[in-house]
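Presented below is the structure to which this report refers.
The values are calculated or read from the model by the stated rules, or taken from the named source; none is laboratory data. Model, not experiment: these values are computed from the prediction. Quick reminder, even Gly has a Cβ in these numbers, built from the backbone with ideal geometry, and neighbours come from all protein chains shown. Side chains included, ligands, DNA and RNA excluded: accessible areas come from the protein's heavy atoms. Shrake-Rupley method; radii C 1.70, N 1.55, O 1.52, S 1.80 Å.
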Amino acid sequence: MSAAPTAGHAAAQAGFEEAWARLLREGHGAAVHPGTLGRVVSRTIELLGRARDAEPFDPAPAEQAGALLVEAHFTDAAVLARAVELLLGHPAGEHAPKVAGAFASGWTVALRDRTLREQEAIRLAADLARKGAEKALYASEARFRAVFESAAIGIGIGDVNGNILAVNRALQEMFGARPQDMRDLRVPELVHPEDTPGVWEAYDDLVNGRREHFQFDKPYYRRAGGVIWTHLTVSLIRDEEGVPRYQVAMLEDITDRHRLQERLRFQATHDPLTGLPNRAEFFERLERIFDSPEPGARFGLCSVDLDGFKAINDSLGHETGDQLLAAVAERLASTVAPLGHLVARLGGDEFVVLLESCLGHQESVAVAKTVLDALSQPFLIGDQKLAVRASVGVLERPVAATTPGAAMRAADLTLYRAKKEGRGRWTLFDPKRNAVAVSRYAMSVRMPMALDRGEFFIDYQPLCSLRDGSLAAVEALVRWRHPELGVLGPDEFVATAEETGLIIPLGRWVLEQACDQAARWARRFGPGTPKMNVNLAVRQARNAALVSDVDRVLRGTGLDPSGLQLEITESAVLGPRDHALQAMHALVDMGVSLTVDDFGTGWSNLAYLRDLPVSGLKIAGSFISDVHDRPSPHDGGDGELLGWRIVSGLVSLAHTLGLTVTAEGVETAADAERLRAMGCDWAQGWYYGRPTRPEEITRRIAEGLGDPRVRRA
Amino acid sequence: MKRPRWIPEGTDQETPNVARVYDCYLGGSHNFAADREMARKAVELWPELPKIMRANRGFLRRAVQYLAERGFTRFLDIGSGIPTFGAVHEVARRIQPDARVVYVDIDPVAVAHSRLILEGDERAAVIEADMREPRALLADPAVADLLAAGEPVAVLLVAVLHFVRDEEDPVGIVRVLRDAMPPGSALVLSHASFEGRPDQAGPHQDLYARTPTPLTMRSREDVVRLFDGFELIEPGVVYLPEWRPERPESVGPHPERMTGLAGVGRLS
Ligand SMILES: C[S@@+](CC[C@H](N)C(=O)[O-])C[C@H]1O[C@@H](n2cnc3c(N)ncnc32)[C@H](O)[C@@H]1O
């Protein structure tokens, strides 16, 4: 039907067109250029008009209009709804419903096509993007794999349970293992006895997420045998949630560097002659004990010194001496080191055994005995058989009770005592003696005051006649009642007094006290009074004022000079021209008698006995005590006999020189009897009485011959 | 430390993605269920969103036209997304048939899609890059080539800077781009803002906060500062519909409801 449009019709059409244009403009807003939009508006209006006018009805133009809108991006269902509404409301169309229907159908078909097309496009894009990403990932993975495989550094990846998941070629070569060997391993199996302390704690922290990485130098066993040293870095890998997942270990082979370091360290810490740990190493190990000791921890030290090594060195030459030291070191190392103790050479012929942990002094003593035992067999050096003995100072202490320096000093002092008490033996540390020795300095500072404060006192020990047991003399022995150390004997402080020169006032004081006491006894007991023996220290003997001092004291106390005997040591007088010798003569001229003390322990030049104006000698106590435990190869084990023969020889020698002989250290009746039988004059020792207070002596003099042990002639 | 991205962002169809959600708002079908779900929620909360997006698209079109009409033939569209309709090269070439465009997006799917569309187009390139690393972006051969001639380049940062958080320094990013732009170049910029609809800003940001690309709305002052060093073209920084509308009535009675702010600046 193509009826000419009426005026009303035209107005209706204009209204529709305006509403249509507004719908489209609002639908897109300003997103599309107004010109473009205008073309869409006029084209659709034209198509819709054609649809409305066509006879018979043809849906194609209306469908085309719908499709055109979709093409112009009108995809909103609200726009469709409003468009259908406008089309249905068009006043001039009996086809209006059909037009609207065709339009909607065209729009829908186009939208579906468009939707499917866009969906396909976006899926294809997503697909491409993923593939691209995968390819990139694969490429980067391949790069990483190449780096991993060909890295010069060993790399291993494991899970947090310690399973080894992957290792690279360098790591396999370092371990000398095939990949399957490595995969059968678990990380915790890679322990090595030389692992740095803390490495496994760090590992534990890492796999449990308590730390992110750690670095250590660590040894590993190689599968083929041997050990490889590595610089190890382990890092933790977490997943997106932060949960620990993997560990990555990187290992650098530092075996050569490590060996060199070890060599240098060995050289720095070992003695080149014997191969034993040296002084530096010993002190480091000693100090380590004190680092953070367990409560109640104890340790032991055996300070070992060869007896008479200097003589061997001097007589047989340094080379032999060195060979001997090396042989000694080897014996010590092979007997003591297996017990788990450190044997070190401190220098010269000084060795030390360190018991880094110790259960008690028995264990240290056992080690000392092992040492002495080990050295008891002679050494074969070249074609010479050399016998050496050693002295051992044994110290065993709670770690908390001392310091490394103090422990070392104490061990040395103990060794010194062992040597002094006779060689070839061990001596156990004695805290009291040690305290004395250690406080020597304090002593010397305190000693002058001590004299003023009356801290010294004198005990007297009997010297008895072997003939009838009567009290022939007493020896004055000075004591120091030390406020901290208790009562000290002369052997504990006289050396210090001598070193510091205090021996002069102290000696004078002792002389005064002893003479005063003797004078009082003489006044009370008359001729039966025992003589008073007073020791003269070396320094006193050489003191220019000695003679005048003695003279003044004798006058002061009123003691008859014949009641005083001065005991001097062999070393007090060096030779005939000695100034001291003149003093001795002056004393004897005064009427005082002289006795040689400790005869046989020093350098005994019998000739000088002739020149000295002495009237007696005292055989050192060690001769008598040694008699009993002196081994003798000649006498079928009866060394005792030989011992007595020596004593007997000394007695007759003394008698030849017209000297009175006193035996010291007499402890039994049998010894006393034997000495009496061989003609010894006097005896001193525990059998006859220990040093005691003057009152006790007074009592014994008073009792006269009442002593039960005194034999009557 | 950045974690390795084992699944490239954007290829995961389970997570809503900015480019595809935006396509949704514009009535496109370049999207997946998760994107549509997100768009539906957003529109429920804020029914005007599709209109705002169209207004943004309108601004983009007018700005490109404006510059093309003034002789610009080089365009760098950063954060180009999935141009459902009115892509920069189409709009520009209607005026400058030889116009060259480089599209940049961080989203690999958007990039792949653009590549499908532009396959065989010698004067268009698509690259995948992150504008938060502007120096790397500028070093891309396609971008470097576009800038190398020294001719003015129109750099588009349309509806993208609000995906850059304050601590990622949006001002600094723009400065780096500016320093690389030849004299006479232009910056086309639009940005989500809470100025027009403070009531909507919060919930809308919250919705994006749950996506891998949180949204930071900014004030007019902030947006003006992004133009530091540029000379703003009339009318300056305005609401999206207000920027040089072709027909006064298209601005509508409430331009502030189209909450984006937009502007174009030129380098002298
Ligand atoms: C809302 S769309 C805008 C698209 C287009 N510019 C427009 O205005 O019509 C934002 C786009 O920016 C992209 N984008 C977001 N952050 C980006 C970044 N840091 N670097 C590059 N592109 C980014 C998104 O992938 C998305 O395609």
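By the equivalent-ellipsoid construction on the alpha carbon gyration tensor, the protein assembly as shown comes out with semi-axes of 124, 30, 23 Å, ordered largest to smallest.
Relative to one another, the C-alpha centroids of segment A:182-200 and segment A:499-518 are positioned 73 Å apart.
Overall shape of segment A:453-700 was characterised from the C-alpha gyration tensor. The equivalent ellipsoid obtained from it has semi-axes of 29, 21, 19 Å, in decreasing order. For the protein assembly as shown, with all protein chains in place and a probe radius of 1.4 Å, 53% of the accessible heavy-atom surface sits on carbon or sulfur.
Remind me, relative contact order of segment A:7-120 in percent, using alpha carbon pairs under 8 angstrom and six or more residues apart?
Reported relative contact order: 31 percent.
Across all directions of projection, what mean area in square nanometres is found for the Cα convex hull of segment B:134-257? In nm², the orientation-averaged hull projection of segment B:134-257 is 9.0. Taking every protein chain into account, the accessible area of segment A:453-700 amounts to 44 square angstrom per residue (probe 1.4 Å). When the surface is traced with a 1.4 Å probe over the full set of protein chains, A:R210 keeps roughly 150 Å² accessible.
Within segment A:22-110, the GluC sites (Glu not before Pro) that combine a DSSP coil assignment with at most 10 other C-beta atoms in a 10 angstrom radius are A:E94. Given their separation in residues at 0.36 nm each and the Cα-Cα distance between them, A:S105 and A:S615 gain 168.1 nm when the chain is fully extended. The residues of segment A:82-195 present an accessible area of 56 Å² per residue when probed at 1.4 Å with all protein chains retained.
Taking amide H atoms as placed 1.01 Å from N in the peptide plane, the amide H of A:N535 lies under 5 Å from those of A:A476, A:E567, each 5 or more residues away in sequence or on another chain. Around the amide H of A:T662, modelled in the peptide plane, lie the amide H atoms of A:L617, A:K618, A:I619, A:W682, all under 5 Å away and 5 or more residues distant in sequence or on another chain. Annotation: per residue accessible area for chain B equals 42 Å², rounded to a whole number [probe 1.4 Å, protein chains only]. Close Lys pairs in chain A, defined as Cα atoms under 27 Å apart and 8 or more places apart or on different chains, number 15. Buried accessible surface for the A/B chain pair comes to about 2600 Å², total over both chains, computed with a 1.4 Å probe.
A:I254: net charge of surrounding residues, Cβ under 12 Å, Lys/Arg +1, Asp/Glu -1, itself excluded? Charge balance near A:I254 sits at -2.
Can you list the residues in segment A:15-41 whose accessible area drops by at least 40 Å² when all protein chains are present, compared with the chain alone? Use a 1.4 Å probe, heavy atoms only. Going by heavy-atom accessible area, the residues of segment A:15-41 that drop by at least 40 Å² are A:R25, A:A30, A:A31, A:H33, A:P34.
Projecting the Cα atoms of A:L641, A:A96, A:V160 onto the dipole axis of chain A, where Lys and Arg carry +1 and Asp and Glu carry -1 at the beta carbon, places A:L641 farthest toward the positive end. Solvent-accessible area of A:F290, all protein chains in place: 40 Å² (probe radius 1.4 Å, heavy atoms, ligands and nucleic acids excluded).
For segment A:305-318, backbone phi angles converted through the Karplus equation (6.51, -1.76, 1.60; θ = phi - 60°) give residue-by-residue couplings of 9, 6, 7, x, 5, 4, 5, 4, 4, 5, 8, 9, x, 4 Hz, Gly and Pro being listed as x.
For A:M408, the accessible area of its heavy atoms, probed at 1.4 Å with every protein chain present, is near 10 square angstrom. Between B:V101, B:N31, B:V21, the Cα set farthest toward the positive side of the dipole of segment B:1-115 (charges on each charged residue's Cβ, about the Cα centre) is that of B:V101.
The distance between label points at A:D127 and A:A677 comes to 12.8 nm (points 7 Å beyond Cα on the Cα→Cβ vector). Taking a spot 7 Å from the Cα of A:L339 along the direction of its beta carbon, which residues of segment A:272-308 have an amide N less than 15 Å from it? Flagged as within label range: A:299-305. A Förster distance of 45 Å, applied to the separation of the beta-carbon atoms of A:L380 and A:R178, puts the FRET efficiency at 0.30. Net charge near B:D179: determine it from the other residues with C-beta under 12 Å of the C-beta of B:D179, scoring Lys and Arg +1 and Asp and Glu -1. My count for the surroundings of B:D179 gives +2. Summary: within chain B, the longest segment free of trypsin sites (Lys or Arg not before Pro) located in DSSP loops with at most 16 other C-beta atoms within 10 Å is B:6-69. Judged by the ratio a/c of the largest to the smallest principal axis of the C-alpha gyration tensor, segment B:42-98 counts as prolate, that ratio being 1.5 or greater while a/b is larger than b/c.
Rounded to whole Å, the principal axis extents of the Cα atoms in segment A:151-259 read 41, 29, 23, largest first.
Beyond 30 Å, the tail of the calculated P(r) for segment B:1-159 holds 17 percent of the Cα pairs.
Whole-Hz Karplus values for segment A:459-465 come out as 9, 10, 10, x, 10, 10, 6 Hz, taken residue by residue from phi with 6.51 cos²θ - 1.76 cosθ + 1.60 and θ = phi - 60°; glycine and proline positions read x.
Taking amide H atoms as placed 1.01 Å from N in the peptide plane, the amide H of A:L185 has no partner under 5 Å among residues 5 or more positions away or on other chains. Just so you know, the Rg over Rh for segment A:7-120 is 0.97, from Cα atoms, with Rh as the Kirkwood radius.
Please state the relative contact order of chain A as a whole percent: Cα pairs under 8 Å, 6+ residues apart? Intermediate values should be presented prior to the final figure.
Values: 1101 pairs, mean separation 46.4, N = 713.
Worked out over chain A, it gives 7 percent.
Net charge of the neighbourhood of A:V392, taken over other residues with C-beta under 13 Å away and scored Lys/Arg +1, Asp/Glu -1, is -2.
In chain B, Cα pairs under 8 Å separated by at least six residues give a relative contact order of 18 percent.
Computed over segment A:270-438, the percent of Cα pairs more than 20 Å apart is 48. Residues A:H231, A:H579, sorted by accessible area with the largest first, give A:H579, A:H231 [1.4 Å probe; ligands and nucleic acids excluded].
For segment B:229-249, a decrease in accessible area of 10 Å² or greater in the assembled protein chains relative to the isolated chain, with a 1.4 Å probe, applies to B:E246, B:R247.
Put the Cα centre of segment A:329-365 next to the Cα centre of segment B:174-202 and the gap is 84 Å. Peptide B:56-65 is shielded by partner chain Cβ atoms: per residue, an average of 3 of them sit within 10 Å of its Cβ.
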